[in-house]
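See structure below.
Just so you know, all these numbers are worked out from the coordinates, no wet-lab data involved. Keep in mind it's a predicted model, so treat the numbers as computed, not measured. Cβ placement follows ideal geometry from the backbone for every residue including glycine, while neighbour counts extend to all protein chains displayed.
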Amino acid sequence: MNDFIQQLLADGPVVTDGAWGTELQARGLQSGELPDAWNLEHPERVVSVARAYVEAGSRVILTNTFGANRLRLGGHALANRVSEINRAGVQLSRQAAASAAHVFASIGPTGKMLLSGETTIEELRAAFAEQAQALAEGGADAIVIETMSDLDEAKAAIAAVKATGLPVVACAVFDAGKDKDRTMMGATPEQVARELTEAGADVVGANCGVGIERYVPVCQRLKTATDRPIWIKANAGLPVMVDGRVTYRTTPEEFAGHMPALLAAGASFIGGCCGANPEFIRAVKTHLTARS
Amino acid sequence: MQDLKPLREAILNGDAKAAHDFVEKALAAGAEPLPLVHDAMVPAMDEVGRRFECNEYFVPELLISARAMKSALELLRPLLIARGAQPAGRVVIGTVKGDLHDIGKNLVAAMLEGGGFDVVDLGVNVSPDQFVKAVKEKGANIVAMSALLTTTMPSMKGTIEALKQAGVREQVKVLVGGAPITQKYADEIGADGYSDNAPGAVSLAKKQLAAKA
């Protein structure tokens, strides 16, 4: 196991953070506005999200850089600011983390599909190399590749992160198939764990997609196919519309209620994704503290 | 009559070249275009949809089958038009305003094309006005909207309102889809149909048009 990751897990499972998008919206991010651009436009609001997670008990926080790759930023005429946005993202999380948390910088998918010919593997490699380089320069402790549906894209990102020398967490989203236990491309948890491990991931996992109850068996299956620690960040259920507003029905207590099962399934890093705010992290933290 | 099994297999296996070559040879040998479509290609795409439902096929298989279908249809389309055959319908499709995600939308567009629909793809970040304009200009009978973000979902409702105001709501069936969308949400905003997967969108579109006729 990677030394830094091993050290981090020495005292047992680690609480990560929750959703960023929904927290930024609560601070005024408009529909269609690019969250990553706020690292330059509203740095104080980005820090306040990071701080809310540190205060809730996150020992690992991510960064507001999920979409900060050239292909996505290009859609907002920001392709020339990739490096700046990523470095700022790390610095803002670092500022909130101080000595209380580690900063794992986020890399999300490009939104372009290899299979349909919208992009090429070379283009993906270049985009991820540029982003990973900037995140490393910004001072990230590690990098998390999140919400991947395509293993080839995930592997391109892993290779880019490996080149920086930072530890790498690689996660897929499982939300397809009748049991919602496959990636969009049809990969099973076993296949994902095996291939991401072979590609050099130090931690493998699952994030976004479905509610936490469905990620308990996914975690178990990931675990059977790899010797790496498992990272799980599930949604607070699926969104429902209540009075014209998007709401997540799962409560922080219900979410934390799945902790015994998730820990038994072998999860080492636990946090939340869409709809999981700092209250969810606080509830998870309380549960883990009570257990130890 | 000619054995159509190789054509069906080519589409099922996503072999665009084999599908194209089969159709080319069949036409050169004097085959009628319509039976090729109805007796081999459409049933093959139905089977692709069935395999998707059963977890035998996933997105990669859908994409390559749709591509094989398209390559065969491209040869047949001029002949079908010359014989007065109508497309299954004309779809105006797009990802709604504020949303730049196009993977799901592209997949549905490819499957609809494979299903014999004329597809007008408006791209991403499509405003209600752009949908209305395209419906009027293209004479569409289906509007298909996609959203990945919970923050952009409300724009679907905005588009339906805009279609009403422009007086073209009755002319079209409105279909919606995307990760955060549910049947309940589709009902709430007054959409005609919802599908949680791409092959489902094709059967839904056909069903809706049949109900309308």
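The single condition among (1) within 28 Å of B:Leu62 (Cα to Cα); (2) part of a loop (DSSP other than H, G, I, E, B); (3) within 11 Å of chain A (Cβ to nearest Cβ); (4) not aliphatic (A, V, I, L, M) that B:Asp187 does not meet is (2).
One line per residue, one yes/no per condition, for (1) touching a Ser or Thr at 6+ places or on another chain (Cβ under 6 Å); (2) on the phi > 0 side of the Ramachandran plot; (3) in contact (Cβ under 8 Å) with a residue 24 or more places away in the chain; (4) within 14 Å of chain A (Cβ to nearest Cβ):
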{"site": "B:Leu122", "(1), (2), (3), (4)": "no, no, yes, no"}
{"site": "B:Asp129", "(1), (2), (3), (4)": "no, no, yes, no"}
{"site": "B:Val132", "(1), (2), (3), (4)": "no, no, yes, no"}
{"site": "B:Glu137", "(1), (2), (3), (4)": "no, no, no, no"}
{"site": "B:Ser155", "(1), (2), (3), (4)": "no, no, yes, yes"}
{"site": "B:Gly158", "(1), (2), (3), (4)": "no, no, yes, yes"}
{"site": "B:Leu163", "(1), (2), (3), (4)": "no, no, yes, no"}
{"site": "B:Lys173", "(1), (2), (3), (4)": "no, no, yes, no"}
{"site": "B:Pro199", "(1), (2), (3), (4)": "no, no, yes, yes"}
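Just so you know, in the range A:136-193 the residues that are in contact (Cβ under 8 Å) with a residue 60 or more places away in the chain and of a type in the set (Asp, Glu) include one that is nearest to A:Leu238 (Cα to Cα), and it is A:Glu146.
Among the residues of the range A:53-63, just one is in a loop (DSSP other than H, G, I, E, B), in contact (Cβ under 8 Å) with a residue 60 or more places away in the chain and out of contact with any helix residue (DSSP H, G or I) (no Cβ under 6 Å at 6 or more places or on another chain), namely A:Leu62.
Within the option set B:Leu80, B:Leu63, being part of a helix (DSSP H, G or I) and touching a helix residue (DSSP H, G or I) at 6+ places or on another chain (Cβ under 6 Å) holds for one residue only, B:Leu80.
Considering only residues in the range B:31-55 that are farther than 18 Å from B:Ala85 by Cα and among the small types (Gly, Ala, Ser), the one that is surrounded by the fewest Cβ atoms within 10 Å (Cβ to Cβ) turns out to be B:Gly49.
Does any residue of the range B:127-138 turn out to be part of a strand (DSSP E or B) and surrounded by 17 or more Cβ atoms within 10 Å (Cβ to Cβ)? No, there is no match, as no residue in the range B:127-138 is part of a strand (DSSP E or B) and surrounded by 17 or more Cβ atoms within 10 Å (Cβ to Cβ).
Annotation note: of A:Phe104, A:Phe66, the sole residue that is outside any helix (DSSP H, G or I), within 14 Å of chain B (Cβ to nearest Cβ) and surrounded by 20 or more Cβ atoms within 10 Å (Cβ to Cβ) is A:Phe66. The helices (runs of 4 or more DSSP H) located wholly in the range A:141-244 that include 1 or more residues which are acidic (Asp, Glu), away from chain B (no Cβ under 14 Å) and surrounded by fewer than 24 Cβ atoms within 10 Å (Cβ to Cβ) occupy A:189-198, A:212-224. Please enumerate the residues belonging to the range A:27-63 that are within 14 Å of chain B (Cβ to nearest Cβ) and within 15 Å of the chain's Cα centre (by Cα). Selection gives A:Pro35, A:Asp36.
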